[in-house]
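Please read the structure below before turning to the comments.
What follows draws every value from the coordinates through simple rules; no lab data is involved. As the structure is a computational prediction, the values presented were derived from the model and not from experiment. Here the Cβ is made from the backbone with ideal geometry for all residues, glycine too, and neighbour counts use every protein chain on show.
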Amino acid sequence: MKVLSVVLDRRFGKHASAVAKSSDYHAQAVRHIRHLLTPKLAQTLACSLILMRIDGALTSTIRKLQQLQNNAEDRAPSANAISR
């Protein structure tokens, strides 16, 4: 799949599935202790745990994309070399 000129391969789908599985696990854990928490605290805890995993996945993906971009810039001829 190509999104914003970036090709997302099967590994991205597996990574997204792993993040979803981890998030579901933590949501289940919050359900087990929900009766000990206020509704607001339970909601905050669940959102924090899930968003932390999503953020980590996005950060990891962005880091990989930035590395690809840096590698491409290193291999591309400089503007001075092109104008000669």
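Could you tell me what fraction of 2.2 N^0.38 Å the Cα radius of gyration of region 18-75 comes to, as a two-decimal ratio?
On the way: Rg = 16.8 Å, N = 58, 2.2 N^0.38 = 10.3 Å.
Here the Cα radius of gyration is 1.63 times the empirical estimate.
Within a Cβ distance under 14 Å of residue 50, other residues only, what is the Lys/Arg minus Asp/Glu net charge?
Working: positive: 21, 31, 53; negative: 24, 55.
Here the charged neighbours net out to +1.
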